[in-house]
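Colleague: Take this structure, written in structure tokens, and hold onto it; I'll ask about it next.
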Amino acid sequence: MAYPPFSEESFLFVQIRTLCQGAPVTCAPDVSVVEAARLMRAQDISGVVVVEQNAPVGVVSVSDLRNLVADAAGVVADRQVREIMSAGLVTVRGDDLVFEAIFRMAKHNIHRLVVLDETGGLLGVITDTDLLRLQTRTPLYLNQEIETAVSIEQLRKVSTRMIAMVSFASRAGADTKSLVQLISHLNDAFTLRIIALLDSVEGIRLPPGAAYLVLGSEGRGEQTLRTDQDSAIVYADDLPPAQLAEIERFSVRLVDALEQIGVPRCPGDTMASNPQWRRSLSGWKELLEQWVTVPKSEHMVNFGMFQDFRTVWGEPRFEAELHAHLLNTLQHFALFFPYMARHIARFPPPVGMFGHIRVERRGEHRGEVDLKKAGIFAVTEGASLLVLENGAVGGSTWDKLDLIRQRRILPAGDVEIVYQAYTSLVQMRLQRQLKALNAGKPPSNYLNPLAIPEVERDQLRHALKGVATFQRILRDRYKIDFIAR
């Protein structure tokens, strides 16, 4: 396929229909898998759109056929496409822009998108190969570089290009939520590739009966750039000493390797390399109970860090069992919620009644505002608290706010205020970090209100007021002012 010439950035703003040249190759759902395979061979393609009553209903790919043959116990020639096709299509519109297709592929970890016209009819198909031919400076290209890296050093070099890619995507108009989710997706990809290299090159691996968990912002899938490592290990209660030694070796080496590629260590040592953050399943259950039932400051901090744990590698059953245990424990100790709400409210947003933004008065960051402390922390922890109280756990802060709105835990208008405040603060944090990194400086959470345009200063002021509204809601809901000191 011949593509029109695009500048470094302008190609992202091209409508997807521009790439849909020629009629898409389709088949009916009652076609046999053999006919579908012959059609792919004849057209030299890796997938066919399945159409029923003029509407796309699925995709059958080479991998679907391969899985069928591998899993079949007998003859497969009489099987129909509808039996193996991938339904639940991820689609884009023809008038969507290329960058939207790129982020959708990266988010869903897929290789093709079905393109629909204005009426919902089939317009065409675009693949990651189409987009890679168009421009290699994209998240998809970076993801492929990660997956094919053959050494930690090569991964380190690829990692340095992630900053340029995120800057590029930001300039192209990608929204804040998509950017932070993309960063988290790529960080997961780096971690998984390191784990694969440790296994194949150094013979270091996590043994069966264990799982590597990521915590905090990485657990929520909403990282900005170069956030610290926050991780843990959970393992079966009956693992023998030899496998426990393997777990320790794996944990220490993985933390070292992540630091090698540019992911900083946690200053508080909340990492799997620390024996305190490597525990058996029953050990984690006991510790969670202690954090919940003994509401002191240290426990609140540790609980806040751990609660969004997510499995990146190893056995997923531990995550599900710990989530169930956490929710059950909270049901039997309702006093946890007001104590945690008081912990969240200890950092009021630095904005006065008349909109004056209060800044640090001394020290290295004099004249600046810590965006995390000023508002991001309160929203992430507060949203988690509300969904925990309603029997839910996991997901990003945006996901949790959506759930709060859907379940009518708070009025929709209040949720929208908090949603916009959080998005604005994360956007400002990400933009400042990008600016610092591009200037060769370390990224931070600080912002000087006097160094930004008036329109951004108003946006910051409005966001901080939104956080103040959220904290007032938490104070009223949990009667924080009546808790004994």
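Colleague: For the chain, with all protein chains present and a 1.4 Å probe, just round the carbon and sulfur fraction of the accessible area to a whole percent.
Modeller: Its accessible area is 50 percent carbon and sulfur atoms.
Colleague: Net charge around A341, counting only other residues with Cβ within less than 13 Å of its Cβ (Lys, Arg = +1; Asp, Glu = -1)?
Modeller: Every neighbour counted, the sum reads +2.
Colleague: Along the range 473-480, what does the Karplus equation 6.51 cos²θ - 1.76 cosθ + 1.60 (θ = phi - 60°) give for ³J(HN,Hα), rounded to whole Hz, x for Gly and Pro?
Modeller: So the J values, rounded to whole Hz, are 4, 5, 4, 5, 5, 9, 6, 4.
Colleague: Find the relative contact order for the chain and round it to a whole percent, using C-alpha pairs within less than 8 Å whose residues are 6+ positions apart.
Modeller: The value is 11 percent.
Colleague: A further question follows. In whole angstrom, note down how far apart the Cα centers of the range 356-406 and the range 230-283 are.
Modeller: When both Cα centres are located, 27 Å separates them.
Colleague: Can you tell me the dipole magnitude for the chain around its Cα centre, using point charges on the Cβ only (Lys, Arg +1; Asp, Glu -1), in Debye to the nearest 20?
Modeller: It works out to roughly 1640 debye.
Colleague: Going through the range 169-255, which GluC sites (Glu not before Pro) have at most 12 other Cβ atoms within 10 Å and a DSSP loop state?
Modeller: Within the range 169-255, no GluC sites (Glu not before Pro) qualify (loop, at most 12 other Cβ atoms within 10 Å).
Colleague: Just need log10 I(q)/I(0) for the range 26-65 at q = 0.20, 0.24, 0.28 Å⁻¹, Debye formula, equal scatterers on the alpha-carbon atoms, no solvent, rounded to two decimals.
Modeller: These q points yield log10 I(q)/I(0) values of -0.51, -0.72, -0.95.
Colleague: Amide H of G124 versus every other amide H placed in the peptide plane: which residues, excluding those fewer than 5 positions away on the same chain, fall under 5 Å?
Modeller: Amide H to amide H, under 5 Å and 5 or more residues apart or across chains, G124 pairs with V115.
Colleague: Another question, then. Give the calculated FRET efficiency between D402 and V69 to the nearest 0.05, with a Förster radius of 41 Å applied to their Cβ-Cβ distance.
Modeller: The calculated FRET efficiency here is 0.50.
Colleague: Tilt of helix 377-389 relative to the longest C-alpha principal axis of the chain, in degrees (0 to 90, nearest 10)?
Modeller: 80 degrees
Colleague: Please compute the contact order of the range 294-380 in relative form: average sequence separation of alpha-carbon pairs under 8 Å and at least six residues apart, divided by the residue count, as a percent.
Modeller: Answer for the range 294-380 is 23 percent.
Colleague: Among W291, V379, V369, which residue has its Cα positioned farthest towards the positive end of the charge dipole of the chain, with +1 placed on the Cβ of Lys and Arg, -1 on the Cβ of Asp and Glu, and the dipole taken about the Cα centre?
Modeller: V369
Colleague: DSSP loop chymotrypsin sites (Phe, Trp or Tyr not before Pro) in the range 336-398 with at most 11 other Cβ atoms within 10 Å of their Cβ, which ones?
Modeller: F354
Colleague: Sort 378-388, 309-319 for me by packing, meaning the mean count of neighbouring Cβ atoms within 10 Å per residue, highest on top.
Modeller: Going from most to least packed, we get 378-388, 309-319.
Colleague: Of the trypsin sites (Lys or Arg not before Pro) in the range 338-414, which ones lie in a loop per DSSP and count no more than 15 other C-beta atoms within 10 Å?
Modeller: R346, R358, R361, R362, R366, R407, R408
Colleague: If Rh is defined by the Kirkwood formula over all Cα pairs and Rg also comes from Cα, what ratio Rg/Rh do you get for the range 371-485?
Modeller: Here Rg/Rh amounts to 1.03.
Colleague: Averaged per residue, what accessible area in Å² does the range 426-485 show with a 1.4 Å probe, protein chains only?
Modeller: Accessible area per residue: 58 Å².
Colleague: In addition: Just the accessible area per residue of the range 204-351, please: how many Å² with a 1.4 Å probe?
Modeller: Result: 39 Å² per residue.
Colleague: In addition: Do the sum for the chain: with -39,500 (n - 2.57) for every DSSP H run of n ≥ 4, divided by all residues, what is the mean residue ellipticity at 222 nm, to the nearest 500 deg cm²/dmol?
Modeller: Rounded to the nearest 500, the figure is -16000 deg cm²/dmol.
Colleague: Ignoring solvent entirely, what values of log10 I(q)/I(0) come out of the Debye formula for the range 265-335 at 0.25 Å⁻¹ when each Cα is a single scatterer?
Modeller: Log-scaled intensity ratios, in q order: -1.37.
Colleague: Taking every pair of alpha-carbon atoms in the chain, what share in percent sits in each 10 Å bin, from 0 to the bin with the longest distance?
Modeller: Spelled out per bin, shortest first, that is 4, 17, 24, 26, 19, 8, 2, 0.
Colleague: Related question: Just to check I understand the Karplus step: with θ = phi - 60° and J = 6.51 cos²θ - 1.76 cosθ + 1.60, what whole-Hz values come out for the range 198-207, glycine and proline as x?
Modeller: Couplings: 4, 5, 6, 9, 10, x, 9, 8, 7, x Hz.
Colleague: In addition: Measure out, as a whole number of angstrom, how far apart the alpha-carbon centroids of the range 103-118 and the range 414-447 sit.
Modeller: 28 Å
Colleague: How much net charge surrounds M428 when only other residues with a Cβ under 13 Å from its Cβ are counted (Lys, Arg +1; Asp, Glu -1)?
Modeller: After counting each charged neighbour, the total is +2.
Colleague: Report ³J(HN,Hα) in whole Hz for each residue of the range 240-249, in order, from the Karplus equation J = 6.51 cos²θ - 1.76 cosθ + 1.60 where θ = phi - 60°; Gly and Pro get x.
Modeller: Each residue of the range 240-249 in turn: x, x, 4, 6, 4, 5, 4, 4, 4, 4 Hz.
Colleague: Here's something else I'd like to know. Of the listed pairs K296/K372; K177/K400; K373/K465; K107/K177; K177/K372, which have alpha-carbon separations greater than 18 Å here?
Modeller: From K296/K372; K177/K400; K373/K465; K107/K177; K177/K372, over 18 Å: K296/K372.
Colleague: Let me ask something additional. Taking the simple approach of a point 7 Å from Cα along Cα-to-Cβ for both H462 and F354, what is their distance in nm?
Modeller: Using points 7 Å along Cα→Cβ, the separation is 2.2 nm.
Colleague: A further question on this structure: Answer with one residue from I247, G262, A55: the one whose Cα lies farthest towards the positive end of the charge dipole of the chain, charges on Cβ with Lys, Arg +1 and Asp, Glu -1.
Modeller: G262
The values are calculated or read from the model by the stated rules, or taken from the named source; none is laboratory data. Because the structure is predicted, anything quoted here is derived from the model rather than measured. Positions of Cβ are generated from backbone atoms using ideal geometry, with glycine treated the same way; all protein chains shown enter the neighbour counts. Just the protein is used for accessible areas: all its heavy atoms, side chains included, with ligands, DNA and RNA removed. Shrake-Rupley method; radii C 1.70, N 1.55, O 1.52, S 1.80 Å.
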